[in-house]
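Each remark here refers to the structure printed beneath this line.
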Amino acid sequence: MTTPLFLLRCVQLGLSIRDLDLLTIGLVNDMFIESRNDDYSGYSEIGTQSDMDAF
């Protein structure tokens with residue numbers, strides 16, 4: 001990953017330079033990946049509270 005691409009990802013996430021003092025590159029990458037997963041609608045089953053209790 002290049003520096004411009006990393007900074008683009010930060011802008012897409014709405015992070016400021018001050019926020020980057022508290023975050024690692026890996027954490028920013030994970031946040032970006034998870035933000036793209038929010039729109040995924042292909043999950044076949046969503047767990048309920050009883051599923052979590054049984055877990």
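The values are calculated or read from the model by the stated rules, or taken from the named source; none is laboratory data. Source: prediction; values computed, not measured. Methodologically, a virtual Cβ is constructed for each residue, glycine included, from the backbone with ideal geometry; neighbour enumeration extends over all protein chains shown.
Quick look at the numbers
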quantity	calculated
Of all residues making up region 28-41, the number that are over 8 Å from the mean Cα position of the chain (by Cα) and either surrounded by 10 or more Cβ atoms within 10 Å (Cβ to Cβ) or at pLDDT 95 or above (or both)	0
Members of region 1-11 that are surrounded by fewer than 12 Cβ atoms within 10 Å (Cβ to Cβ) and in contact with a helix residue (DSSP H, G or I) (Cβ under 8 Å, 6 or more places away or on another chain)	Met1
